[in-house]
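One structure below.
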Amino acid sequence: MREQLADVSPLLNGYAGSPILVIDDEVSYVSNIEDPRNHWLYYAFKGFGVLRDRGTPIHHFITIATGPGIDAIGAMEILSPERVTVTDLVPAAIERAKKNIARYQKTGKKIPVSFAIGNLCEPLGDDKADIIYANIPNIPIEPERKYKLMDGITAATFFDPETVDGVPDRLNQYLLALQYTFLLQAKKNLTQDGRVIVNLGARFPMELVGELFDKAGYDYDVLYFGFKKQTEPTDTIPGYARYEGDSVTFIYYPYKQAMQLLEGKDVQNIDDLMTIVKSLGISATEALQRSRQGEEMGHIVTLLEAKPRKR
Ligand SMILES: C[S@@+](CC[C@H](N)C(=O)[O-])C[C@H]1O[C@@H](n2cnc3c(N)ncnc32)[C@H](O)[C@@H]1O
């Protein structure tokens, strides 16, 4: 496999002082760097900027499901935690993350980094962090494709439904089962004031966000939000369309039209954003048909900060 390098510093939106080169290959999800606003990490790093502006020191930053490790590199650049732990289910992702972080640290911040392989917070043991960041998949993998889960890229979008249990019905129906499971697990790995930062593509009615955190026992705030193109549409949109039914509809927006409506608008909060694009909302089933005809689809992206309610 040929390893190319990509400069991911545009994702850091001014926080990176110099180029940050990482491996760019078919298992690395490094696409869209030339178009950073359509990359989920752009929103993550905007949110990290909000955390940094608060000035609260961060001792330990954990990223669950790091993929190529760019989230950890951004955390080091923006948040300067005393130490970092990165995890992923897929061993190849951790190998990639190790290489990328080692390359970054030749010139970047030399913060100690630990690596762990496994499902969600399971490999953390009792280790505790001030911030646990997670961008994890939402779509259950079909049984006949399960053998592909560890190939490095499939696990970016799909998860094994056998690893979740006891999820409230509506959260299951709206494909929030892995998010819910993560939230339950993360409680034991947070310090007294610790919080999770969840990067969530909001393709469901927004009240589901409240329901997700409420049922998992957290209070939440929106740290940052935006509107982005659906990347990997051939995997993701059919995944959501498959789970639509009488009582479940996901929400997509035709990307170009939505961007036209949003252009020049002063969008202060998610409600503003939703009001502006509301008339364009379509189901995942319709989005699938239209994207098969070549139309680009977009969705709302949220960076949510949450703190366990009871200690
Ligand atoms: C969309 S990528 C996110 C990569 C990175 N965190 C970022 O924000 O760019 C999702 C990652 O989740 C990992 N993953 C999927 N299921 C997981 C699980 N149950 N536990 C830990 N990692 C998982 C995948 O291997 C993949 O690297």
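Coordinate-derived values only; no laboratory data. Worth saying up front: this structure is predicted, and the values here are computed from it rather than measured. Note: ideal-geometry Cβ built from the backbone for every residue, glycine included; neighbour counts use all protein chains shown.
Give me THR63, THR231, THR163 ranked fewest to most by other Cβ atoms within 10 Å of their Cβ, as a rough exposure proxy. Don't jump to the answer; show the numbers that get you there.
Numbers: THR63 27, THR231 17, THR163 14.
Listing THR63, THR231, THR163 from fewest to most nearby Cβ atoms yields THR163, THR231, THR63.
Once you have a ≥ b ≥ c as the square roots of the Cα gyration tensor eigenvalues for the stretch 225-311, tell me rounded if a/c is under 1.5, and otherwise prolate or oblate according to whether a/b is larger than b/c.
Working: a/c = 1.99, a/b = 1.19, b/c = 1.67.
Verdict is oblate for the stretch 225-311.
So how strong a dipole does the stretch 51-107 carry about its Cα centre when Lys and Arg Cβ are +1 and Asp and Glu Cβ are -1, to the nearest 20 debye?
On the way: 8 positive and 6 negative charges, 39 e Å.
That gives the stretch 51-107 a dipole magnitude of about 180 debye.
Under the 0.36 nm per residue contour assumption, what length would be gained going from the current alpha-carbon distance of ASP193 and ASP235 to full extension? Mind showing how you got there, number by number?
Details: separation 42, 0.36 × 42 = 15.12 nm, distance 3.75 nm.
Extending this stretch completely gives an extra 11.4 nm.
Counting DSSP beta bridges with both partners in the chain, what percentage is antiparallel, nearest 5?
Details: 25 of 45 bridges.
Counting DSSP beta bridges with both partners in the chain, the antiparallel share is about 55 percent.
Read phi for every residue in the stretch 191-202 and hand back ³J(HN,Hα) as whole Hz from Karplus 6.51 cos²θ - 1.76 cosθ + 1.60, θ = phi - 60°, with x for Gly and Pro.
Ordered by residue, 3J(HN,Hα) equals 5, 3, 9, x, 9, 8, 10, 10, 9, 10, x, 8 Hz.
What residue among LEU21, LEU124, THR56 has its Cα farthest toward the positive end of the dipole of the chain, where the charges are +1 on Lys, Arg and -1 on Asp, Glu, each on the Cβ?
Projecting each Cα onto the dipole axis, the largest value belongs to THR56.
If you put +1 on each Lys and Arg Cβ and -1 on each Asp and Glu Cβ, how big is the dipole of the stretch 240-311 around its Cα centre, in Debye rounded to 20? List each step's numbers first, then the result.
Details: 10 positive and 10 negative charges, 93 e Å.
Taking the Cα centre of the stretch 240-311 as origin, the dipole is about 440 debye.
Once you've got the Cα coordinates, tell me which of LYS46/LYS215; LYS128/LYS215; LYS228/LYS265; LYS148/LYS228; LYS229/LYS307 are over 25 Å apart. Write down the numbers at each step before the final one.
Values: LYS46/LYS215 27 Å; LYS128/LYS215 22 Å; LYS228/LYS265 16 Å; LYS148/LYS228 27 Å; LYS229/LYS307 29 Å.
Check vs 25 Å cut-off fails for LYS46/LYS215; LYS148/LYS228; LYS229/LYS307.
So how do HIS59, HIS39 line up by other beta-carbon neighbours within 10 Å, fewest first?
On the way: HIS59 13, HIS39 24.
So the ranking, lowest neighbour count to highest, is HIS59, HIS39.
Please report, in debye to the nearest 20, how large the charge dipole of the stretch 54-197 is about its Cα centre when each Lys and Arg carries +1 at its beta carbon and each Asp and Glu carries -1 there. Please report the intermediate quantities before stating the final value.
Details: 17 positive and 17 negative charges, 132 e Å.
Here the stretch 54-197 has a charge dipole of around 640 debye.
What list do you get for ARG54, ARG96 if you sort them by fewest beta carbons within 10 Å?
Working: ARG54 6, ARG96 26.
So the residues, fewest neighbours to most, are ARG54, ARG96.
Under a plain spin-label model, where a point goes 7 Å from the Cα along Cα-to-Cβ, how far apart in nm are GLU263 and MET150?
Each label point is offset 7 Å from its Cα along the Cβ direction, giving 4.9 nm.
Fully extended, how many nm does the chain gain between LYS256 and SER18 (0.36 nm per residue separation, minus their Cα-Cα distance)? Each step should come with its number before you reach the end.
Numbers: separation 238, 0.36 × 238 = 85.68 nm, distance 3.19 nm.
Length gained between LYS256 and SER18: 82.5 nm.
To the nearest Å, what is the center-to-center distance of the stretch 91-138 and the stretch 1-56, using C-alpha atoms only?
15 Å
Just to confirm the filter: which GluC sites (Glu not before Pro) across the stretch 231-287 are DSSP coil and have at most 13 other Cβ within 10 angstrom of their Cβ? Let's see the in-between values first.
Numbers: sites: GLU244, GLU263, GLU286; in loops: GLU244, GLU263.
Here the sparse-neighbourhood loop sites are GLU263.
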